[in-house]
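The values are calculated or read from the model by the stated rules, or taken from the named source; none is laboratory data. Quantities reported herein were computed from a predicted structural model and do not represent experimental measurements. Cβ coordinates were reconstructed from backbone atoms using ideal geometry, including for glycine residues, and neighbour counts include every protein chain displayed. The area values use the complete protein model at the heavy-atom level, side chains included, leaving out ligands, DNA and RNA. Shrake-Rupley method; radii C 1.70, N 1.55, O 1.52, S 1.80 Å.
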Amino acid sequence: MKSHRTPPRFEPRRTGNAFIIAAMLLSLCILSLIKARYCSVPNAKSQALAELEPMEVSGLATQTGGGEAARPEDEEDEGNTKTAQKIVAEKTAIDLSKPICSETSKRSNVCEAEGDIRLQASSHTILLHPSLIDGEWKTKPYCRKHDPPAMKNIKEWTMKPFSSSSEPPPPPPQCTVNYTVPALVFSIGGFTGNLFHDFTDVIVPLFISSYQFRGEVQFVVADIKPWWVSKFIVILKQLSNYDIIDANNDDQEAVRCFPRVIVGLSFHKELGVDPSKTPTGYSILEFKAMLRKAYGLERPTAAPWGDPWDIRRKPRMLIISRKKTRAFLNERGMTDMAMSLGFDVRVAEPDITTDLAKFARLVNSADVMIGVHGAGLTNMVFLPEGAVLIQVVPMGGLDWLARDTFGQPSPDMQLKYMDYRIQADESTLSEQYPGDHPVLKDPYSIHKQGWNSLSKTYLDNQNVRPHLGRLRNTLMDALKHLPHGRKEV
């Protein structure tokens, strides 16, 4: 018979231990809930740093602008600020890896910075916070960097940090004027005064660079020519809501502080805009619309005035006249012949003193504009869409020059482009040189001597007398492209 076994003594102790463990687990759960409610989660620290980063940047602007002193921080805030400063420093290192200045085309360099920027126009100096620039950058803000004669008299601008390497660094110059809009710095030196260069070197690049701001941009103009500003002031006012700053005559003590600066204009192509390179895809058509608004031009297209069925409505032809060189020697005959085709003919000779607003309205009234290669053809920018541009190309192998300057820009402006190429017997060069002379027989041998020889021979020393019969055929072709229903002519 088995003896009765007494239950072990440790069973009640095991039950007590289990109760203790359960209590500890419960306590841990309660502590976890308290921590979740009152302590920061891991992401809270990074979120705080993200909020501190812009505070750090704006703090720099406030401090350099003479703002109030920073308030003392407690130990935790100080630690977060140091960490934030480290992050800002890391971001600065990344920013410094990007060049301040870049080549936007073979014709133009553009320098750009955003942050604490102090511009001293009289000395052509732009001071930046050290976090924005490493060393000095120098540039000439005019869109012909490939052309030494044009760049010869363009003043150089310097961009550099406003603190030196000395310890402690000197304080930056105090702002005398504060702006909330970007500064756009450019030169109107170079070849301005020639209408073609006015537009292709300055006005079109200025549109490319400033149109995105819808007027909220401050122009800082270097190498200023007061007459030039007066001539194009209505265009400048379309692109900026503010009076320009004359860098040449600015107060020597002025320190103008901007949130952003752009030095130099972007060049795309002769008298053209590449929509793929503009911030919002705007093109030369928006440029022409801007010109129509600036000068109050009434015709966006070459549609007939008034009643489209009125056969008395004649298409208008504008002859761009020249007197000194590349002049039409039979201008009167050209006018009479064009009138016999039904054209209302106007003849005008623009020059540097021409009232551009009045001339723009005349050009805008035309359906066909004809002229010998030269700056006067730049007025094509005022032609209505659907109009015809006829470029008379002097003899001398100048097809490439005619094409690049006025031929290629025409389609983007919605203009029909035609050319009339002068032959030897239509040029006064045939009266100056024997028939076997290289000027007549081998123009490219003259080209090889350089631009000065080419220009002197074929541009400065040639007048033309187009054959009226051959020119008549060109004008009849032009009529076919106009929306005037010219069957009755």
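Which sequence of 136, 431 reflects their accessible areas, 1.4 Å probe, from the largest down? Could the numbers behind the result be given before it?
Numbers: 136 110, 431 130 Å².
So the residues, ranked largest to smallest area, are 431, 136.
Placing +1 on the Cβ of each Lys and Arg and -1 on the Cβ of each Asp and Glu in the stretch 393-442, which of 440, 406, 396 has its Cα farthest towards the positive end of the resulting dipole?
So the residue furthest toward the plus end is 406.
Can you check what the Kirkwood hydrodynamic radius comes to for the stretch 238-303, Cα pairs only, in Å to one decimal? Working shown, then result.
Details: mean 1/r = 0.0648 Å⁻¹.
Over the stretch 238-303, the inverse of the mean reciprocal pair distance is 15.4 Å.
Just need the relative contact order of the stretch 173-253 here, percent rounded to a whole number, with Cα pairs under 8 Å and 6+ apart.
Relative contact order for the stretch 173-253 comes out at 35 percent.
Rounded to the nearest 10 Å², what accessible area does residue 472 show when all protein chains are kept and the probe is 1.4 Å?
90 Å²
Mean 1/r over all different Cα pairs, inverted: what Kirkwood radius does the stretch 179-265 give, in Å? It would help to have the intermediate numbers written out before the result.
Details: mean 1/r = 0.0759 Å⁻¹.
Hydrodynamic radius (Kirkwood, Cα pairs) of the stretch 179-265 is 13.2 Å.
Please list the three semi-axes, largest first and in whole Å, of the ellipsoid equivalent to the stretch 153-204, using sqrt of 5 times the eigenvalues of its alpha carbon gyration tensor. Walk me through the numbers before you get to the answer.
Numbers: eigenvalues 248, 45, 12 Å².
Computed over the stretch 153-204, the values are 35, 15, 8 Å.
Quick one: net charge of residue 198's neighbours, Cβ under 12 Å, K/R +1, D/E -1? Please report the intermediate quantities before stating the final value.
Values: positive: 225, 231; negative: 201.
Result for the local shell: +1.
Averaging sequence separations of C-alpha pairs under 8 Å and six or more residues apart, then dividing by the length of the stretch 363-448, give the relative contact order as a whole percent. Before the final figure, lay out the partial values.
Numbers: 119 pairs, mean separation 22.2, N = 86.
Computed value for the stretch 363-448: 26 percent relative contact order.
What's the magnitude of the charge dipole for the stretch 246-348 around its Cα centre, counting Lys and Arg as +1 and Asp and Glu as -1 at the beta-carbon? Answer in Debye, nearest 20.
On the way: 18 positive and 13 negative charges, 105 e Å.
Dipole about the Cα centre, nearest 20: 500 debye.
Starting from 0 in steps of 10 Å, tell me what percent of the Cα-Cα pairs of the stretch 386-489 lands in each bin.
14, 39, 29, 14, 4, 0
With label points built 7 Å along Cα→Cβ from the Cα atoms of residue 332 and residue 353, find their separation and express it in nm.
Computed distance between label sites residue 332 and residue 353 equals 2.6 nm.
Taking the C-alpha atoms of the stretch 188-234, how large are the radius of gyration and the largest Cα-Cα span, Dmax, in Å?
Cα only, the stretch 188-234: 10.8, 29 Å (Rg, Dmax).
Can you tell me what share of the DSSP beta bridges in the stretch 180-324 is antiparallel? A percent to the nearest 5 is fine. Write out the running numbers ahead of the final one.
Numbers: 1 of 12 bridges.
Antiparallel: roughly 10 percent of the beta bridges in the stretch 180-324.
May I have the extent of the alpha carbons of the stretch 242-372 along their three principal axes, as whole Å values ordered from largest to smallest?
Taking the Cα atoms of the stretch 242-372, the three principal extents are 65, 38, 25 Å.
For residue 103, what accessible surface area do you get with a 1.4 Å probe? Give it in Å², rounded to 10.
Looks like 120 Å² after rounding.
Output the direction-averaged projected area (hull surface divided by four) of the convex hull of the alpha-carbon atoms of the stretch 127-249, in nm².
Values: hull surface 35.9 nm².
For the Cα atoms of the stretch 127-249, the hull's average projected area reads 9.0 nm².
Using alpha-carbon positions, what is the distance between the centroids of the stretch 418-473 and the stretch 218-292, in Å?
Measuring centre to centre over Cα atoms gives 38 Å.
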